[in-house]
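Report on one structure; see the data block that follows.
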Amino acid sequence: MDLASWTLEQFTLYGLMLVRVAALFSVAPILGNSSIPTQVKAAMAMVITLLLYLAFKGGHPGTYPVPANIFALAGAVAGEAFAGLIVGYTAFLLFSGIEMAGEIVDIQVGFGLVNVIDPAGGAQVSILGQFYYIVAMLFFLAIDGHHALLKAMGDSFSLMAPGSVDWFVQAGHAGPLLAQFFVKLFAIALQVAAPSIAVLFLTNLSMGLLARTMPQMNVFIVGMPMNIIVGLLITFLSLRLLGIVLTDVTSQVGSSSFRTLTALAGG
């Protein structure tokens, strides 16, 4: 393919598509991980955009209108960035629910004060929250969730042609659906953390009853290591259940992103 022969219309179309894909790469799980060098993410975004551009032009062989002025171009770029960020943020919310589940269990176990530094993001994260997040990423890759996410991005250009996204208007379409995803975030967190919460509640209840019957026992000294042992044991025993939940959640990433795109398109 001879890039030197491209017209202004072709460069404009490719540039707008690149903005949408690059916005996705900035926030999406795996693809937007800060441990991936910026140069690598930029190269991947350019290559994927080129493939999507060829597929889009193959299905839409007509001409593409170039924005008439700099203000129209700026509006088109803002709309493309908004569409890419919304798709990536939808997937990010689902994984945030899994990480929140680990943070809930951390508080129950007693690890709430023992955060670690995430070398990828440079921020403090909970121990079990990071464990759940890494396991979820492995499931996401195992079921080709990243392929589903890229497919949703490819489908977005059929739903909303490059440059046609009016972020100010279409944000109202995506708002109610994003609110549903926030509710789903908490539902996922409770679903994943439910076994540990239930067992640790019974453990604390039994320790409270023991403190009433044996006041001379220092329940705090005995209860803290007991919570840690029980919490880690339940986490290990519930890995099979965790796998079922994570497979269901990660398999919804592509379809959830497509639903968001449909809402953006007003469909």
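Any idea which of (1) under 26 Å from residue 37 (Cα atoms); (2) at pLDDT 80 or above; (3) within 13 Å of the chain's Cα centre (by Cα) is the one residue 100 doesn't satisfy?
Every condition holds for residue 100 apart from (1).
Restricting the stretch 21-71 to residues that are in a helix (DSSP H, G or I) and at pLDDT below 80, which is nearest to residue 88 (Cα to Cα)? Steps first, please.
Our first condition is that a residue be in a helix (DSSP H, G or I); within the stretch 21-71, this holds for 21-27, 38-59, 70-71.
Those still in the list that are at pLDDT below 80 too: 56-59.
Numbers: 56: 20, 57: 24, 58: 26, 59: 25 Å.
Once the filter is applied, the top-ranked residue is 56.
So which pairs qualify, if the first residue must be in the stretch 228-249 and at pLDDT below 75, the second must be among the small types (Gly, Ala, Ser), the Cβ gap must be under 8 Å, and the two must be at least 6 apart or on different chains?
Hits for this filter: 246/136; 249/97; 249/136.
So residue 47 passes all but one of these: (1) among the β-branched types (Val, Ile, Thr); (2) closer than 30 Å to residue 232 by Cβ; (3) more than 19 Å from the chain's Cα centre (by Cα). Which condition number does it fail?
All conditions pass for residue 47, except number (2).
For the stretch 128-181, give me the residue count where each residue is in a helix (DSSP H, G or I), at pLDDT below 75 and among the charged types (D, E, K, R).
Residues in the stretch 128-181 being in a helix (DSSP H, G or I), at pLDDT below 75 and among the charged types (D, E, K, R): 0 in total.
List the residue pairs whose Cβ atoms are under 8 Å apart, where the first residue sits in the stretch 185-200 and is in contact (Cβ under 8 Å) with a residue 12 or more places away in the chain and among the aromatic types (Phe, Trp, Tyr), the second is buried (at least 19 other Cβ atoms within 10 Å of the Cβ) and part of a helix (DSSP H, G or I), and the two are 6 or more positions apart or on different chains.
186/97; 186/100
So which of 67, 37 ends up being farther than 14 Å from residue 149 by Cα and surrounded by 15 or more Cβ atoms within 10 Å (Cβ to Cβ)?
Working: 37 fails: surrounded by 15 or more Cβ atoms within 10 Å (Cβ to Cβ).
Result of the check over 67, 37: 67.
Hey, any hits in the stretch 56-71 for a residue that's in contact (Cβ under 8 Å) with a residue 40 or more places away in the chain and closer than 24 Å to residue 130 by Cα?
No, there is no match, as no residue in the stretch 56-71 is in contact (Cβ under 8 Å) with a residue 40 or more places away in the chain and closer than 24 Å to residue 130 by Cα.
The values are calculated or read from the model by the stated rules, or taken from the named source; none is laboratory data. Owing to the predicted nature of the structure, the values given are computational and were not obtained by experimental measurement. In this analysis, Cβ positions are derived from the backbone assuming ideal geometry, glycine residues included, and neighbour counts consider all displayed protein chains.
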